[in-house]
Amino acid sequence: MRGQTRTVARASRASSPSASDSDSPRPAKRRKTASASGSKIEAYKQLFNQSSSQPSDLKPSLPPTRCHTIAYHKPLLLDGKLGAEGRKAFLDWFDSVSETRAMPWRKAWVNPADFGSSPDELRRTLEKRAYEVWISEIMLQQTRVAVVVEYWNRWMDKWPTIQDLAAASADDVLAAWRGLGYYSRATRIHEAAKLAVADEDMRGLLPSSAKDLADKIPGVGRYTAGAISCIAFGRPAPMVDGNVLRVLSRQLGIYGNIKTDKAVIDMIWVAAEELVNQVALDGHDDETAAPDDTRSDRPGRWGQALMELGSTICAPNPKCGECPITSTCRAYSEGLRVSQKPKGSDDVTDMEDLCAVCEPFDDTDDIENQPPVAKKAGGKQATLSAFFTKSAPTTAATKSASKPKVDVEAIISHARKFPVKVAKKAVREEETLVCAIVRADGKYLLHKRPAKGLLAGLWEFPSSTLENPKERTASQRKKQAKEFATGVVAEDMEYVGEIGSVPWLFSHIKLTMHVHLFRMEGTKDLGVGGETNGRWSDDVEAESMGTGMRKCWDMVKEVV
């Protein structure tokens, strides 16, 4: 069911004649201004700041209404003794698992104090470390760790320093990226490396502050900037990727859309900033120091711990029984209470005080694409003994009453509702004609894709989008392919035939490539002019092509 208490204002607006039924023109929508957004962020900071006098609301907000104020979302990881113990436990957990997945870019923090009077050596070491972190973080975007490990190792073998990368050719960089997808990332990395090396101030050493990284390095966004600053330079900065958004939405009990709702995203970023600042100060002796005055391995360990938790435990289908910070997790505490008491007994909160960030709670359990929660053999339930101080031995009669049992499956069922699940957009279907044209000397005509957009800068066989593909027959595709290929080289050719089709799935496009083979007499350099930046290649195997186009090439090789 949907919570009704928190949607009264929305419902009244929607049912108002002036809002929906009237023929009178609607007033123009107000544009959200930067100042309005900034004031909200400052309000979040004031609320989350460790020194805030606003106490944390420790009582779980229960469905179906989940009535609570905005103060409910103050991170319990910032709440006095409970928060301090949680932060320590979290870092200890990360230290115990940081090497489990054998990521070669995870290395010890470069402590400037270890270099004494060797500033040049320190600079070289920081330069290389920042470069390593940067490449790993860009590769890890939209790509699994297991895949990135091999690519990162090969990349570092080929270009061990940022200067080596800056001196590389664009085609070599794209070829090394082949298979990782989102090829514009490789192009931006290459351009950024050349800029950093040529810059008189940087001279190959990336900036240490997250702000300067985001402002000065092309392709480095807020998350990547924070990762480089924290991990390589030991400066506190929020590191918030998709995994961390999910983790903190559960920790803070924010039931909202972490992909598009700016209020939700802003609140999580502010919470992440306050958390990493406090973690940095936890390890600093000077109580008067500001977070940015500190330098240590703590910010980097903290940021990586959040990402590790989101990747391995606090996944879309969480493993709450293995989580090291359930004691500060709002979603966990709510699930625990739900499993122990009837629904509908939540306290009433004044309408004007209600949180406006959370969406109405969906209390159904029909989440799509979620695997069932595995039941442990014997159906035994875990206990909360790890989260309570040990007391004197109790008698058998009172032992069960002193240790509340936990229905882990019920908690997981509740926690996995966070954040709000968003229906995926339908994938657009497209079809193209791929024309492989081979000359008498065995060379193939290749065209270079535009510098921006899908598969930017990669080489491909001349290709043309097929209009109204569902209405096209094989004979119509043949006719259109012949017309297109003839127009490319301005000369008649032998049409060998349509040798097959290659389906390929991008994040937003389902593409079918119909491969047609042509043979051209002579060795003229036809079809190389214009905007396509074409050329004839005698080694297609070595060209920087997308994986889908390479499958087209594999098909051509079997025929020729």
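The values are calculated or read from the model by the stated rules, or taken from the named source; none is laboratory data. These numbers come from a predicted model, not from an experiment. Please note: Cβ atoms are built from the backbone with ideal geometry, for glycine as well, and neighbour counts cover all protein chains shown. Ligands, DNA and RNA are stripped out before the accessible areas are found, and what is left, the full protein with its side chains, is counted by its heavy atoms. Shrake-Rupley method; radii C 1.70, N 1.55, O 1.52, S 1.80 Å.
Key figures for this structure:
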item: Complete set of residues in the range 152-193 that are buried (at least 18 other Cβ atoms within 10 Å of the Cβ) and farther than 20 Å from ARG449 by Cα; result: TRP152, TRP155, MET156, TRP159, ILE162, LEU165, ALA166, ALA192, ALA193
item: Flag if PHE518 is hydrophobic (A, V, I, L, M, F, W, C) and more than 39 Å from the chain's Cα centre (by Cα); result: yes
item: Hey, TRP536 open to solvent by 50 Å² or more (accessible area, probe 1.4 Å), in a strand (DSSP E or B) and aromatic (Phe, Trp, Tyr) or not; result: no
item: Residue within the range 464-474 that is over 29 Å from LYS425 (Cβ atoms), in contact with a strand residue (DSSP E or B) (Cβ under 6 Å, 6 or more places away or on another chain), open to solvent by less than 40 Å² (accessible area, probe 1.4 Å) and of a type in the set (Gly, Ala, Ser) present; result: no
item: Qualifying residue in the range 178-195 (condition: closer than 30 Å to LEU58 by Cβ and polar (S, T, N, Q)); result: no
item: Members of the range 485-504 that are open to solvent by less than 60 Å² (accessible area, probe 1.4 Å), of a type in the set (A, V, I, L, M, F, W, C) and within 39 Å of the chain's Cα centre (by Cα); result: ILE499, VAL502
item: Selected residue (criterion: modelled with the highest pLDDT) from residues of the range 278-296 that are open to solvent by 30 Å² or more (accessible area, probe 1.4 Å) and under 20 Å from ASP212 (Cα atoms); result: ARG295
item: Odd one out for ASP215, checked against (1) of a type outside the set (Val, Ile, Thr); (2) under 21 Å from the mean Cα position of the chain (by Cα); (3) surrounded by 16 or more Cβ atoms within 10 Å (Cβ to Cβ); result: (3)
item: Among (1) surrounded by 13 or more Cβ atoms within 10 Å (Cβ to Cβ); (2) among the small types (Gly, Ala, Ser); (3) under 32 Å from the mean Cα position of the chain (by Cα); (4) assigned to a loop (DSSP other than H, G, I, E, B), the one test that GLY527 misses; result: (3)
item: Options ILE228, ILE258, ILE268; residue that is β-branched (Val, Ile, Thr), free of Cβ contacts under 8 Å to residues at least 40 places away in the same chain and open to solvent by less than 30 Å² (accessible area, probe 1.4 Å); result: ILE268
item: Conditions (1) open to solvent by 20 Å² or more (accessible area, probe 1.4 Å); (2) of a type in the set (A, V, I, L, M); (3) touching a helix residue (DSSP H, G or I) at 6+ places or on another chain (Cβ under 6 Å); number of the one not met by VAL515; result: (1)
item: Residue satisfying all of: in the range 409-440; farther than 22 Å from PRO360 by Cα and small (Gly, Ala, Ser); surrounded by the fewest Cβ atoms within 10 Å (Cβ to Cβ) among these; result: ALA426
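Results for (1) open to solvent by 50 Å² or more (accessible area, probe 1.4 Å); (2) within 22 Å of the chain's Cα centre (by Cα); (3) closer than 23 Å to LYS40 by Cβ; (4) at pLDDT below 95, shown as yes or no for each residue.
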site	(1), (2), (3), (4)
ALA272	no, yes, yes, no
GLY303	no, yes, no, no
CYS323	no, yes, no, no
SER339	no, no, no, yes
GLU352	yes, no, yes, yes
